[in-house]
1. For the stretch 58-70, check the following and say yes or no: at least one residue is under 18 Å from the mean Cα position of the chain (by Cα) and acidic (Asp, Glu).
2. Where residues in the stretch 51-96 are among the aliphatic types (A, V, I, L, M) and at pLDDT 95 or above, which of them is surrounded by the most Cβ atoms within 10 Å (Cβ to Cβ)?
3. Please verify whether the stretch 116-126 includes one or more residues that are of a type in the set (D, E, K, R) and under 17 Å from the mean Cα position of the chain (by Cα).
4. When only residues in the stretch 49-74 that are small (Gly, Ala, Ser) and touching a residue at least 24 places away in the same chain (Cβ under 8 Å) count, which is nearest to Gly126 (Cα to Cα)?
5. Being touching a strand residue (DSSP E or B) at 6+ places or on another chain (Cβ under 8 Å) and either in a loop (DSSP other than H, G, I, E, B) or free of Cβ contacts under 8 Å to residues at least 12 places away in the same chain (or both): is that true of Leu225 here?
6. For the stretch 190-215, which residues satisfy the criterion of being part of a loop (DSSP other than H, G, I, E, B) and within 26 Å of Glu141 (Cβ to Cβ)?
7. Specify the residue that is modelled with the highest pLDDT; the eligible residues are those in the stretch 146-189 that are in a loop (DSSP other than H, G, I, E, B) and closer than 22 Å to Phe62 by Cβ.
8. Among the residues that make up the stretch 195-211, is at least one of them exposed (fewer than 13 other Cβ atoms within 10 Å of the Cβ) and under 28 Å from Leu69 (Cα atoms)?
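The values are calculated or read from the model by the stated rules, or taken from the named source; none is laboratory data. Treat the numbers as computed from the prediction; the structure is a model and nothing was measured. Neighbour counts run over all protein chains shown; Cβ positions are idealised from the backbone, glycine included.
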Amino acid sequence: MGGVYRRAPMTADVVTLADAWPLFGLRIRSERLVMRLPTEADLLRLMAVAKAGIHPDGEMPFGVAWSILPSPAFERGFLRHHWDTWARWSPESWGLNLMIELEGQPIGSQSVHADQFGVFRTVNTGSWLGRPFQGRGLGTEMRAAVLAFAFDGLGAERADSSAFLDNTASNCVSRKLGYEENGRGLLAPRGIARETQLFRMTAAGWRARSRPPVTIEGLDACRELFGI
């Protein structure tokens with residue numbers, strides 16, 4: 001799976017961002033959504049969506065409590081997280097933080113990351129979605145799209161995910177897509193341990209039922225960056 005990537009001629013004076021770093025040419029398209037690596041200019045628009053609200057006050061669905069930091073720690077932490085994943089990327093350890101677009105506008109983020117993917121063929125996923133876009137099936141659609149990328153595009157054998165026990169929306173998405181429960185874990189985003197539900201999807205489980213169509217563009221140009 002994956003589209004044909006046509007590399008533009010490279011000269012000393014003209015190099016596109018996708019020529020220099022092919023991940024910027026990667027696109028994952030589902031029925032309503034486009035998923036891609038954000039540029040620095042995109043990060044400001046995506047940050048505005050996150051700052052406008054992801055979850056109700058008093059709740060914390062993330063393992064790190066980044067979403068409630070006051071300004072300017074919120075803005076600096078948000079940008080540093082994305083910059084850090086770009087700078088630390090290697091085929092042995094990578095994290096792809098994809099911006100989710102609906103009708104050309106950013107609405108959230110879907111991440112997929114792995115260590116020694118070429119050996120273990122296992123990915124982990126995480127996501128967030130702006131509150132105005134929740135409750136419309138978009139969380140399910142973006143998770144299904146990134147699983148299609150992992151299993152059908154990269155050749156993954158397993159995909160892991162987790163959520164706090166009271167994160168009903170995330171747990172429902174995992175069960176709806178066919179993940180199997182895989183034990184319990186612990187995270188402490190505010191210094192108090194809270195139990196999480198662990199989930200695992202196998203390649204066999206992914207292919208055991210029909211899935212909505214997903215198109216992947218630009219993967220051939222960056223396969224080596226994923227260690228495959």
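1. no
2. Leu96
3. yes
4. Restricting to residues being small (Gly, Ala, Ser) and touching a residue at least 24 places away in the same chain (Cβ under 8 Å), the top hit is Gly63.
5. When the stated conditions are applied, Leu225 does not pass them.
6. Arg207, Ala208, Arg209, Ser210, Arg211, Pro212, Pro213, Val214
7. My answer is Tyr179.
8. Just the residues of the stretch 195-211 that are exposed (fewer than 13 other Cβ atoms within 10 Å of the Cβ), to begin with: 195, 204, 207-210.
Now restrict to residues that are under 28 Å from Leu69 (Cα atoms): 195.
Yes, the stretch 195-211 contains at least one residue that is exposed (fewer than 13 other Cβ atoms within 10 Å of the Cβ) and under 28 Å from Leu69 (Cα atoms).
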